[in-house]
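Asker: Below you'll find the structure I mean.
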């Protein structure tokens, strides 16, 4: 009998989404904003109602400045402002909620959520599960295998390997190389100035990967694409940067902080902790009853 789908959730994206879209007039009894935690918990409810998921893990970022990537390249993500205290407090509420609800929580001060998801996916596949990753982050497309799905839940867009190729112009296993060449402003990864995602895709279509590209730089000018000689010069000039960027864009799938025997099935929830948490964030009776019914299934 096939094992249930294992859902791996890039949780921070959905916390931030709620923080920016719900009004901060949503406050608890102490006057603290709770808009992000309300939105995140509602997202989890919607996800569970739709999927009836029994196997799911929630990964959180906590390594904005302490990731191993910061050691490789100190400016990595240096363009991001630290989360305000009001949001940090809500992230803690979200983590408490996930644990109290009985779901495995993945978090590390060395590895990012992407790496924890990649490692959990590797372990889950070895146990016979198909994988669905919930995220809007293009980086995670590199993890999608033949039987996997990347689900942009908010936009209800699902990507299998074929859809990844159609959308990004490259296969999932080429995504990290594409980002290493083109760069990623969101993560402050420089890539090659003047070379975008479309051009990077065309280079990888011809040369397969970064190694093949760098071994055949002189062949770029013969590709018949606009500005081929200029692109050849840029790739030649930035070879070391491309290789460095690959170390930043490639997701680790062997993070030692994730137990190889990770059990993704939801365990018994802690109702007393949930009641305490719901009181702290000001949940009313209707929301509490909704969650008791959801978790009882």
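The values are calculated or read from the model by the stated rules, or taken from the named source; none is laboratory data. Owing to the predicted nature of the structure, the values given are computational and were not obtained by experimental measurement. Methodologically, a virtual Cβ is constructed for each residue, glycine included, from the backbone with ideal geometry; neighbour enumeration extends over all protein chains shown.
Asker: Can you name every residue in the stretch 88-102 that is buried (at least 20 other Cβ atoms within 10 Å of the Cβ) and in contact with a strand residue (DSSP E or B) (Cβ under 9 Å, 6 or more places away or on another chain)?
Answerer: Result: 90, 91, 94, 98.
Asker: Still on this structure, I have one more. Among the numbered conditions (1) under 28 Å from residue 123 (Cα atoms); (2) touching a residue at least 24 places away in the same chain (Cβ under 8 Å), tell me where residue 171 comes up short.
Answerer: (2)
Asker: Further question: Considering only the stretch 36-53, how many residues are in contact with a helix residue (DSSP H, G or I) (Cβ under 6 Å, 6 or more places away or on another chain) and free of Cβ contacts under 8 Å to residues at least 40 places away in the same chain?
Answerer: Total satisfying the criteria: 1.
Condition check ((1) under 16 Å from the mean Cα position of the chain (by Cα); (2) not in a helix (DSSP H, G or I)) across all residues:
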{"residue": "66", "(1), (2)": "no, yes"}
{"residue": "69", "(1), (2)": "yes, no"}
{"residue": "77", "(1), (2)": "yes, yes"}
{"residue": "80", "(1), (2)": "no, yes"}
{"residue": "98", "(1), (2)": "no, no"}
{"residue": "117", "(1), (2)": "yes, no"}
{"residue": "121", "(1), (2)": "yes, no"}
{"residue": "124", "(1), (2)": "no, no"}
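Asker: Let me ask something additional. Of the conditions (1) assigned to a helix (DSSP H, G or I); (2) at pLDDT 95 or above; (3) surrounded by 14 or more Cβ atoms within 10 Å (Cβ to Cβ), residue 166 satisfies every one except a single condition; which number is it?
Answerer: Condition (3) is where residue 166 drops out.
Asker: Just give me the residues in the stretch 22-41 being surrounded by fewer than 19 Cβ atoms within 10 Å (Cβ to Cβ) and either modelled with pLDDT under 95 or part of a loop (DSSP other than H, G, I, E, B) (or both), in sequence order.
Answerer: 22, 23, 24, 25, 26, 28, 29, 30, 31, 32, listed by residue number.
Asker: Restricting to the stretch 253-297, and then to whatever is within 30 Å of residue 140 (Cβ to Cβ) and in contact with a strand residue (DSSP E or B) (Cβ under 8 Å, 6 or more places away or on another chain), can you tell me which residue is modelled with the lowest pLDDT?
Answerer: 262
Quick grid of which residues meet (1) over 30 Å from residue 3 (Cα atoms); (2) outside the structural domain of residue 53 (by TED's automatic domain parsing):
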position	(1), (2)
233	yes, yes
245	yes, yes
260	no, no
272	yes, no
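Asker: Considering only residues of the stretch 83-92 that are more than 18 Å from the chain's Cα centre (by Cα) and touching a residue at least 12 places away in the same chain (Cβ under 8 Å), which is farthest from residue 107 (Cα to Cα)?
Answerer: 86
Asker: Any chance the stretch 213-231 includes a residue that's touching a residue at least 24 places away in the same chain (Cβ under 8 Å), under 26 Å from the mean Cα position of the chain (by Cα) and part of a loop (DSSP other than H, G, I, E, B)?
Answerer: Checked the stretch 213-231: no residue is touching a residue at least 24 places away in the same chain (Cβ under 8 Å), under 26 Å from the mean Cα position of the chain (by Cα) and part of a loop (DSSP other than H, G, I, E, B).
Asker: Residues 2, 23: which one is in contact (Cβ under 8 Å) with a residue 12 or more places away in the chain and out of contact with any helix residue (DSSP H, G or I) (no Cβ under 8 Å at 6 or more places or on another chain)?
Answerer: 2
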